[in-house]
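Below is one structure, written out as structure tokens; comments come after it.
Derivation of every value follows stated rules applied to the coordinates shown; laboratory data play no part. It should be emphasised that the depicted structure is a prediction, and the values quoted were computed from it without experimental measurement. A quick note on method: Cβ atoms are made from the backbone with ideal geometry, for glycine too, and the neighbour counts reach across all protein chains shown.
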Amino acid sequence: MSKTPLQNAPFLSLNNIHKHFGGVRALRGVDLTIEQGKAYHLLGENGCGKSTVIKIMSGAHDPTEGVINLDGERLNRLTPMSALEAGIETVYQDLSLLPNLTVAENVALGEQLVAGKGRLLRLLNKQKIKQTAIDALQKVGLEADESLLGQVIADLPLAVRQRVAIARAIAAEARLVIMDEPTTSLTRHEVEVLIEVVGRLLDNNVAVLFVTHKLEESYRIGGDAIVFRDGLCVAQGALENYTRLQLAELMTGRSIEAVRYRTGKPKGTVLLEATELGSGHGFHNISFNIQHGEIVGVTGLSDSGRNELAMALAGHVPIQQGVLTLEGEDVRISSPEDAIKYGIGYVPEDRLSEGLFIEKSIYENEIPLILDRISGSFGLLDDKKGRAAAGEISAEMKLNTTNLDLPVSALSGGNQQRVLIGRWLSINPRLLILHGPTVGVDVGSKETIFHAIQEMAERGIGLLIISDDLPELLQNCDRILVMHSGCIVENFNAEEVSDDRIYKSMLASSLEVSE
């Protein structure tokens, strides 16, 4: 690794960076600059090169050509260890936590690796690990008590794991913290905590680079936008100089209007009726209905019971009280198989670990629910029928490839989500539950998914969308239900309510809201 000192250089700059993967050019001459104490927002559609460029910054990938200038030195490449030593910490979208280690051990891991020059010491200082973890966890708004410090990562909710990963970066006293979709699994309240954390990092002269699709959060934090399209950095400048529509046009290369996607109306006949539903934990006294062709949103804080309600309707959590009626027939859903039998589909929040067979092909991911339909008389899969069905699904979801043998891991987040939604469309559902349908999805793919949701409703499918993204609910839903403490506390007309009013309802107690 050659080094040539540079004078008056920013903390990090990339100059004419190219990256090729075989015949694919992921980056095509990228130039960008990072200065300490500033916030940056790396924007662009999935597949535009964002992930590749942060892996070059963090040492996970070598550039094919180009120069990295780091803290006054000219480098041909970085390694993961040299990036850590320089103070570059990355919180990837998959979090990269060690699931069998405790919270304290995960938080202190980076600090320990730097101290040991890339190797963990034979005798770890457990007291130092504990104190490091306490200090960092408190900075991300987590109560660092003994029960949390000793908790194994695999047993934690996704939102808590996300903040543990951010705490690990803070613990290593980073000079640049790269956050890949950091608010994907956070509620609006938890996002507020994260914004406060970012403010403290900036005050301490730490640079923060967000890879994000959430422009609302970017504008709140402020700083510079870095816009990628087709492997190029097409713009870098102060966020305040760009409107949302200008940024969307830079990202996609086309004009995207800010519109309410919901233009249709429910069919007027009740599809699902829930009366005083309750579970052993999570929710109680839940009553609501969904009409044929109606889109109903459900939101609330992470402990509001919204997640448990969605999973109960899909058969993953037992319903212990109340009555559930589907098209006038009382039904009992005690397993996912029951839900599928009644035509209820469920797209989970975490598509990578709960939804997709990530290393399998598009074809193999699209057909699991219809094997009986595409098998012959001896139970053997009819490959021709299967591929025809998968091809129809892919076309309906406007998948950006016709190669059904392509592994899902090779697709962008937006295309992965379309594959998963398409799988459930294969059963011709009566009700489709979408949990965070556009989490980690770029602006162009969001638009495609929103149009697909509207087309489903037009066909008479009932849709229940569980989401923290209030603009998403307002753009797509007929009604929005707000949950708090396991109860539905408000039922809003989506055309008539503001996101501020919904958020106030999310924070209020059941008594305060009902009054």
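Out of these labelled values of Cα extents along the principal axes in Å, [x] 61, 58, 41; [y] 75, 53, 50; [z] 93, 51, 47, which was calculated from the coordinates shown here? Of the labelled values, this structure produces [y]. Tell me the net charge near Ile433. Cut-off is 12 Å between Cβ atoms, Ile433 excluded, with +1 for each Lys or Arg and -1 for each Asp or Glu. Summing Lys/Arg as +1 and Asp/Glu as -1 gives +1.
Dividing the mean sequence gap of close Cα pairs (under 8 Å, 6+ apart) by how many residues the range 355-428 holds gives a relative contact order of 47 percent. Among the listed pairs Lys265/Lys504; Lys128/Lys214; Lys130/Lys446, a Cα-Cα separation exceeding 30 Å is found for Lys128/Lys214; Lys130/Lys446. For the chain, the residue among Ala274, Ala165, Ser426 whose Cα projects farthest onto the positive side of the dipole built from Cβ charges is Ala165. Cα convex hull, the range 355-428: 78 Å³ per residue, rounded to a whole number. The charge dipole of the chain, taken about its Cα centre with unit charges on the Cβ atoms of Lys, Arg (+1), Asp and Glu (-1) only, comes to about 1460 debye. The residues Tyr261, Tyr40, when put in order of fewest to most other Cβ atoms within 10 Å, stand as Tyr261, Tyr40. Each residue of the range 469-475 was assigned a 3J(HN,Hα) from its phi angle through the Karplus curve 6.51 cos²θ - 1.76 cosθ + 1.60 (θ = phi - 60°); the sequence is 7, 5, x, 4, 5, 5, 6 Hz, with glycine and proline shown as x. Taking the charge dipole of the chain about its Cα centre, with +1 at Lys and Arg Cβ atoms and -1 at Asp and Glu Cβ atoms, the residue from Gly237, Ser58, Ile129 reaching farthest to the positive side is Ser58.
Dipole size of the range 355-428 about its Cα centre, with +1 on Lys/Arg Cβ and -1 on Asp/Glu Cβ: approximately 140 debye, rounded to the nearest 20. The sum of -39500 (n - 2.57) across all DSSP H runs of n ≥ 4, divided by the residue count of the chain, sets its helix-only mean residue ellipticity at 222 nm to -10000 deg cm²/dmol. Farthest toward the positive end of the dipole of the chain, out of Gly222, Leu32, Gln138, is the Cα of Leu32, where the dipole comes from beta carbon charges about the Cα centre.
If both residues of a DSSP beta bridge must be in the chain, then about 60% of such bridges are antiparallel.
Taking every alpha-carbon pair under 8 Å whose residues sit at least 6 apart, the chain reaches a relative contact order of 14 percent.
Out of every Cα-Cα pair that the range 352-487 contains, those further apart than 19 angstrom amount to 53 percent.
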